[in-house]
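A short write-up of the structure that comes next.
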Amino acid sequence: MIASFLPPESAQLTEATSIALIRSLERTDISTPLGASPIPTAYVRQGSGGTPVLLLHGFDSSVLEFRRLLPLLAAKHETWSVDLLGFGFTDRPVGIPFSPAAIKTHLYSFWKTLIARPVILVGASMGGAAAIDFALTYPDAVQKLVLIDSAGFASGPAIARFLFPPLGELATSFLRSPRVRRNVSFQAYYDSSFVSPDALLCGALHLRCPNWQQALIAFTKSGGYNFLTDKIAAINQPTLILWGDADKILGTQDAAKFQQAIAHSKLVWINHCGHVPHLEQPDVTAEQILAFSG
């Protein structure tokens, strides 16, 4: 059964992991200091036992990014994934700021409402930057940190400098183009056979949600996570850094930068893998996270 808040195109998914995750997607009202009304927030929860694991997706993405990894982690741990404010299938209320500060506030409210225990926080790409920001602000909420091909040293999305009226609308319309998104997908994977119709649909379903364009413009105009570089060394949590050795999106140089900056960190290269190890090599990624979780 597919939830009513999801676009009808969700029924066209074909991969078993995609279908299973979309069917387990829930949405609940989360009260935050950002506004008087609660924010309907999309998330998935699977598994039980162990330290809770919380997965944070990348830029212009959704919980579907973890369709292959989440069930592997849920076999040993209570595992959550949430659509960050302004992204995925979480509601985008008018009048709410879509910025890293607002994302962090909303994420803390989500954690406090539904989890309220220290977590192993896993962030992929931009989700890694969001995880770093959250861990630094709320250290008691994060027991361990996992960064997967993480943003943080890199500046915000390059498209941000073009997002001013009317080019804001033109730029996001460009991002909505199936051809453009297909080209980005080819860049994300080492093995191009992963760029399947199901994968492309997973990456585009959230574009059909109300206010997708406005929220994306607002986030990119905020500057994204380009303020983190000088703060990364303050991370105290044990940190696992996973990095595809053929990452064409962020490259590979930042992997060593994270390892050098974070005192209690370990870097593991995922061989023959691009920017999304959790999609391209989920078994290896899960094995490393489970071993790290203790």
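Below, the figures for the structure above:
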item: Residue in segment 56-79 that is in contact with a Lys or Arg (Cβ under 8 Å, 6 or more places away or on another chain) and either surrounded by fewer than 24 Cβ atoms within 10 Å (Cβ to Cβ) or closer than 19 Å to L242 by Cα (or both) present; result: yes
item: Lone qualifier among S265, S222 - being over 28 Å from Q281 (Cα atoms) and among the hydroxyl-bearing types (S, T, Y); result: S222
item: Selected residue (only one of I232, I249 is more than 18 Å from the chain's Cα centre (by Cα) and hydrophobic (A, V, I, L, M, F, W, C)); result: I232
item: Segment 1-15, residues that are of a type in the set (A, V, I, L, M, F, W, C), part of a loop (DSSP other than H, G, I, E, B) and free of Cβ contacts under 8 Å to residues at least 40 places away in the same chain; result: M1, I2, A3
item: Number of the exception - S99 against (1) surrounded by 22 or more Cβ atoms within 10 Å (Cβ to Cβ); (2) closer than 13 Å to L216 by Cβ; result: (1)
item: Residue in segment 216-233 that is at pLDDT 95 or above, crowded, with 19+ Cβ neighbours inside 10 Å and either outside any loop (DSSP other than H, G, I, E, B) or of a type in the set (V, I, T) (or both) present; result: yes
item: Residue that is out of contact with any His (no Cβ under 9 Å at 6 or more places or on another chain) and touching a residue at least 40 places away in the same chain (Cβ under 8 Å), where the choices are I241, I235, I270; result: I241
item: In segment 133-150, the residues that are among the β-branched types (V, I, T) and either touching a residue at least 40 places away in the same chain (Cβ under 8 Å) or touching a Phe, Trp or Tyr at 6+ places or on another chain (Cβ under 7 Å) (or both); result: V142, V146, I148
item: Filter pass, R27 being of a type in the set (K, R) and surrounded by 18 or more Cβ atoms within 10 Å (Cβ to Cβ); result: yes
item: Matching residues in segment 252-293 - criterion: being assigned to a helix (DSSP H, G or I), of a type in the set (S, T, Y) and surrounded by fewer than 23 Cβ atoms within 10 Å (Cβ to Cβ); result: S293
item: Considering residues of segment 126-149 that are in a helix (DSSP H, G or I) and among the charged types (D, E, K, R) only, the residue surrounded by the most Cβ atoms within 10 Å (Cβ to Cβ); result: D133
item: Spans of strands (runs of 3 or more DSSP E) in segment 29-125 with at least 1 residues touching a residue at least 12 places away in the same chain (Cβ under 8 Å), within 12 Å of the chain's Cα centre (by Cα) and within 24 Å of T172 (Cβ to Cβ); result: 53-56, 79-82, 119-124
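Table: residues versus (1) of a type in the set (S, T, Y); (2) modelled with pLDDT under 80; (3) surrounded by 13 or more Cβ atoms within 10 Å (Cβ to Cβ).
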residue: A154; (1), (2), (3): no, yes, yes
residue: P157; (1), (2), (3): no, yes, yes
residue: E169; (1), (2), (3): no, yes, yes
residue: R176; (1), (2), (3): no, no, yes
residue: V180; (1), (2), (3): no, no, no
residue: V184; (1), (2), (3): no, no, yes
residue: Y190; (1), (2), (3): yes, no, yes
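The values are calculated or read from the model by the stated rules, or taken from the named source; none is laboratory data. Note that the structure is predicted; figures quoted are calculated from it, not measured. All Cβ positions, glycine included, derive from the backbone under ideal geometry; neighbour counts span all protein chains shown.
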